[in-house]
Amino acid sequence: MQDIQDVSLFPTILTNINSTNPDLVTDAVRSVRKLLSAEHNPPIDLVIRSGLVQKLHYLLQFGTPTQAYESSWALTNIASGTSEHTKFVVENGVVHTFIVLLNSPDAQLAEQCLWGVGNIAGDTPALRDYVLSLNITEAILQMVQKSCSQSLLRNIAWTISNMCRGTPPPNFKYIKPLFPVLCKLVTAHVPMTDEQVIDTLWAFSFITENANAFEEEIFKEFQKNGIIERLFVFLSGPNTTQVPAFRTLGNLLSGSDMITETLLQYGILNHLIAFTNHSKEGFVKDAYWCLSNVTSGNVSQIQRVIDSKIFPKIFEASVTGSTAVRTEALWVVINAVAGGSRAQVNYLVSIDLAKCFGLSLEFVLSKTNIQSNFFDALLSVFNKFHGEQLETVCMTFKQHGWDNYFEQLLNAKTSCTNIIEEASDIYYQSKSSKATINGWNFSPASTPPANSDDVNVRLSNLRL
């Protein structure tokens, strides 16, 4: 049969695909596949209405090797259409057949079936979970035990990435056995620009995005397989690897203090500081997001950020950056104030925390998602000090216009009025005093160590 350029010969295809002549059947299946491979407007609905999905599924299971391969390709193209098209393929039982054939001795057929499964898993979280429930994890583990072509490895990486993507996250029991596979895919001797590496990194990003109770287990797997070191290497690579590697590390930083501490020991802080100077805003925003995860940790971790001398730049970004950058930079400051020791907050005050907070007020009042934490942090500043030390802090705030700021805030209608009133009461009741009291030097040059006077006042609902 001649190649089909349009649907004019579709009646002939329908006749031949049901022929008893295997050559005519093969030719018809190939023609259907070519129709469905059209770059623009493939006739998926016509194929479905004609009952060909059921016929293609039959040939996938019982046809000749060529018929099975062409059918798998055609069914994959149908599943690549709209969600309704994908659903129709699923409802006809094709997913189960695809998974069974992943371990077909016909490598070409197995790879095409994997492509089909990957398409379906990537459609919706519900279909992803359905695919996972059909034991695809075990099928992939069996696949990789054989000799795999480079194209198959790329396909495996892409499929696993789709299996990990989406909200709510997949059941971790299906993903955990695939860690050795993912680790091999990302440590293989292939260029970092290869799709195999890129898709594997995205899988890591998806896995760590919703790690929840499994964060420690995931991190240990990363450490055991040398993934942490590789992630830092990818930070220096092209944009295609930088983005998922950076997001993976950022997700890990939102985990426990132990994970954060380990990443700090790996030297992540220097990378984060470097990314605050990136030419692309997305990286700058994510750098401050990562830093906010560090400052939401313990006093020792906050001190690491202080010692890096990055806070003046964070203050500047929280005032002059884009909306996204300002938000993330403010979270760095808010978390540091909330969880920092008195000495650490003293340092932040000495480098113009009052000015930073004052110039951020208008922005904060326009962002309901940060207001409560911001004003809790403001109150926390005053609550960390007493007596003459508090007087000195209040004097510093007064010098940066906080008489006027509090007057405006008290006249404004916000959901944080009670917090603002409490902070202003402390502020106004404190007496103005000297700039240096009892050894508390508010010179910008001072960088106090974390010490035993840690008040460690935490805000509720800290951003992680």
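The values are calculated or read from the model by the stated rules, or taken from the named source; none is laboratory data. Computed from a predicted structure; not experimentally measured. Cβ placement follows ideal geometry from the backbone for every residue including glycine, while neighbour counts extend to all protein chains displayed.
Is it the case that region 346-362 has a residue that's under 28 Å from the mean Cα position of the chain (by Cα) and at pLDDT 95 or above? Looking through region 346-362, at least one residue is under 28 Å from the mean Cα position of the chain (by Cα) and at pLDDT 95 or above.
Any residue at all in region 156-173 that's of a type in the set (Ser, Thr, Tyr), at pLDDT below 95 and over 18 Å from Trp202 (Cβ atoms)?
Applying the first criterion (of a type in the set (Ser, Thr, Tyr)) to region 156-173 yields 159, 161, 167.
Narrowing the set further to residues that are at pLDDT below 95 leaves 167.
If we keep only those that are over 18 Å from Trp202 (Cβ atoms) as well, we get none.
Looking through region 156-173, none of the residues is of a type in the set (Ser, Thr, Tyr), at pLDDT below 95 and over 18 Å from Trp202 (Cβ atoms).
Only residues that are surrounded by fewer than 22 Cβ atoms within 10 Å (Cβ to Cβ), over 20 Å from Ile314 (Cβ atoms) and among the β-branched types (Val, Ile, Thr) were counted across region 368-398, and they come to 1.
Scanning region 149-182 for residues that are of a type in the set (Val, Ile, Thr) and surrounded by fewer than 19 Cβ atoms within 10 Å (Cβ to Cβ) yields one hit, Thr167. Within region 256-284, the set of residues being charged (D, E, K, R) and within 17 Å of the chain's Cα centre (by Cα) comprises just one member, Glu281. None of Leu56, Leu52, Leu60, Leu35 is more than 33 Å from the chain's Cα centre (by Cα), crowded, with 17+ Cβ neighbours inside 10 Å and modelled with pLDDT under 95 except Leu35. The C-beta contact set for region 388-409 (first residue touching a residue at least 40 places away in the same chain (Cβ under 8 Å) and farther than 13 Å from Phe357 by Cβ, second residue of a type in the set (Lys, Arg) and surrounded by fewer than 15 Cβ atoms within 10 Å (Cβ to Cβ), distance under 6 angstrom, 6+ apart or interchain) comprises Glu391/Lys431.
Against the numbered list (1) crowded, with 23+ Cβ neighbours inside 10 Å; (2) modelled with pLDDT of 95 or more; (3) within 28 Å of the chain's Cα centre (by Cα), Val186 comes up short only at (2). Counting only helices (runs of 4 or more DSSP H) that sit wholly inside region 30-86, not one has at least 2 residues that are touching a residue at least 12 places away in the same chain (Cβ under 8 Å) and acidic (Asp, Glu). Being in contact with a helix residue (DSSP H, G or I) (Cβ under 8 Å, 6 or more places away or on another chain) and on the phi > 0 side of the Ramachandran plot is the filter here; which residues of region 205-262 pass it? Selection gives Gly226 alone. Just so you know, in region 220-256 the residues that are of a type in the set (S, T, N, Q) and touching a Ser or Thr at 6+ places or on another chain (Cβ under 9 Å) include one that is nearest to Gly297 (Cα to Cα), and it is Ser254.
Of the residues making up region 380-388, not a single one is assigned to a helix (DSSP H, G or I), of a type in the set (Asp, Glu) and modelled with pLDDT of 95 or more. Scanning region 106-128 for residues that are surrounded by fewer than 17 Cβ atoms within 10 Å (Cβ to Cβ) and among the acidic types (Asp, Glu) turns up just one, Asp106.
The listed residues are Leu235, Leu249, and the only one of them that is under 28 Å from Arg326 (Cβ atoms), touching a Leu at 6+ places or on another chain (Cβ under 8 Å) and modelled with pLDDT under 95 turns out to be Leu235.
I'd like to check which helices (runs of 4 or more DSSP H) are fully inside region 296-367 and have at least 2 residues that are without any contact (Cβ under 8 Å) to a residue 24 or more places away in the chain and surrounded by fewer than 22 Cβ atoms within 10 Å (Cβ to Cβ). Show your work before the answer.
On the way: elements: 299-307, 311-320, 323-339, 342-350, 353-365.
Those helices (runs of 4 or more DSSP H) span 311-320.
Considering only region 416-439, I want to know if a residue exists there that is modelled with pLDDT of 95 or more and either farther than 20 Å from Phe357 by Cα or of a type in the set (Gly, Ala, Ser) (or both). Within region 416-439, one or more residues are modelled with pLDDT of 95 or more and either farther than 20 Å from Phe357 by Cα or of a type in the set (Gly, Ala, Ser) (or both).
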